[in-house]
1. Along segment B:62-77, what does the Karplus equation 6.51 cos²θ - 1.76 cosθ + 1.60 (θ = phi - 60°) give for ³J(HN,Hα), rounded to whole Hz, x for Gly and Pro?
2. Name the most mobile residue of A:Gln225, A:Gln61, A:Gln289, meaning the one with the largest mean-square fluctuation, in a Gaussian network model of chain A with Cα contacts below 10 Å.
3. Amide H to amide H, which residues 5 or more places from A:Leu25 or on other chains are under 5 Å from it, using H placed in the peptide plane?
4. Could you do me a favour and compute the accessible area per residue for chain B, 1.4 Å probe, result in Å²?
5. Segment A:246-337: which trypsin sites (Lys or Arg not before Pro) are DSSP loop and have at most 14 other beta-carbon atoms within 10 angstrom?
6. FRET efficiency for B:Ser44 and A:Thr202, Cβ-Cβ distance as r, R0 = 60 Å, nearest 0.05?
7. How many nm is it between the label spots at A:Ser212 and A:Arg53, if each spot is 7 Å from the Cα in line with the beta carbon?
8. With just the Cα atoms defining each centre, how far is segment A:208-259 from segment B:185-212? Give it in Å.
Amino acid sequence: MRVVGIETSCDETGVAIYDSARGLLAHALHSQVALHAEYGGVVPELASRDHVRKVLPLLRQVMNQADTRPDDIGGVAYTAGPGLAGALLVGAAVGRSLAWAWGVPAVAVHHMEGHLLAPMLEDDPPAFPFVALLVSGGHTQLVRVDGVGRYTILGESLDDAAGEAFDKTAKLLGLGYPGGPALARLAQRGDPKRFHFPRPMTNRPGLDFSFSGLKTFAVNSLQMQGGDDQTRADIARAFQDAVVDTLAIKCRRALQQTGLERLVVSGGVSANTALRERLGRIAGEEGAQVFYPRLEFCTDNGAMIAYAGCRRVQAGQAEPLAFFATPRWPLDVLAPP
Amino acid sequence: MKLLAIDTSTEACSAALLISGEVRERHEIAPREHARLILPMLESLLAEAGLKLSQLDALAFGCGPGGFTGVRIATGVIQGLAFGADLPVAPVSSLAALAQGTYRETGAQQILSAIDARISEVYWGAYRAGDAGHVTLEGDETVCAPQHVPLPVGADWFGAGSGWAAYETALQTRLGGAAYTCDGQRYPRAYDVALLGAGIYQRGLAVSAEQVLPVYLRDEVAWKKSR
């Protein structure tokens, strides 16, 4: 069965076609990062305006690439939340209507379920159950995954997401928006011993996170030490070390607490090299194996929505004609298909 | 000809099916309910007529101006339907649909369409009844403060739309205090999107799914950071 996946929850338009027998057939992505960079953050109305221009051209492109005709399609999946309401509605409107016109089921997919299942698109997918660390600009969560739709939140950020903390601190350091990756590059030149940032919430039990204080720490360090290039690199290094260390400590704790042996890491921050090195090390020490989606599927994409949608369409799930966007949608209310 | 039309550009949500000049319509005043209502409305119209999407000649939609989200819901729905059923699309101005409905129901020959655009502005267009029973635009559609709407030529204009409900005094002052008749409770409706859309289709001006895009008129929606 072939399923079209449409992702429009934030600032990337993604469309893909997944085939339950042959795997991912085609995927296409349009990133709006450059559009929003001039504004110092994602402007929701501009995001919506761009999605409505891009969905159909990307759909045409993947149908051609996958040599797929409408008769070959068995379902249409679209991200219904969480995310920006107006942006989500574009994908929902197009996806739901398209499914009706084709006479196939439509499925409203939870964006974070897409990220959780993204490693299933790889040749060596993890078996259930596993622990997943979702780290992006919008989310930081540790989730126990026992199967499709069987998710237990083990811990999550009480304030800023890790990626958000990266971007905000990068802005403070004059690295523009979104500056997370630039901060990681700057950190390579930083002295790991000059500053020491706290590891928030690691000195007490539990798997929740808090990253907003690190930004304050960076502001104070910058004010006390001045903003010369080396100091900025040293602050970047101390900040990144603190985030990586904190995520690693909680991942180790989650593996120990659940007794599971597989760790899935997904979301934009999972592209961070220092984080990957560190998680590889702790997983080794815990006798666990780490799984990542390929880099392009660590960030938002249509492929993960097509995959999650395919699993749900195959299980018989189908939406009514009334469509909706759910900007706030807890992951653990999902049910198995 | 057989044509299916929708409009979700304002608080109203409507769908209409035109078959050989006869129009059936579903219509509700339902702010923020458009996503829930619109496809079931279309389904019930088609079921009543015993038609399938693939048996239609064309689609039409109110392409704006109006509420950004509503206009995009109509655009997204029509993109999906047009792509999926391989149908041409007639984009119809929601200000024109508003004027056409006013002409159709009141007989007014000259209509000043005004939709409340929030932040003390209106979407504005002057329409005149034409030969084919369709209204046609005079000058340009615009978004501006009610104090600055373009002055229409001549007398006997009829004001229609939520812009008149919100800014009647300012508009009457701007238009010279003449006793304009107005009705602020009128909305663009799919009935009239269907009538005007049929004309657009018959004149060969329908577009393909990928060319189905909203008309916002207001393009200043974000301000760049000064650094």
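1. x, 8, x, x, x, x, 4, 5, x, 4, 6, 5, 4, 4, x, 4
2. Sorting by GNM fluctuation, first place goes to A:Gln225.
3. It is A:Ile17, A:Tyr18, A:Asp19, by chain and number.
4. 42
5. Listed in order of number, the matching sites are A:Arg294, A:Arg328.
6. 0.55
7. Taking the two extended label points, one gets 3.5 nm.
8. Each part reduced to its Cα centre gives a spacing of 56 Å.
The values are calculated or read from the model by the stated rules, or taken from the named source; none is laboratory data. Keep in mind that this is a model prediction, so the values were computed, not measured. We place every Cβ from the backbone using ideal geometry, glycine too, and count neighbours over all the protein chains shown. Side chains included, ligands, DNA and RNA excluded: accessible areas come from the protein's heavy atoms. Shrake-Rupley method; radii C 1.70, N 1.55, O 1.52, S 1.80 Å.
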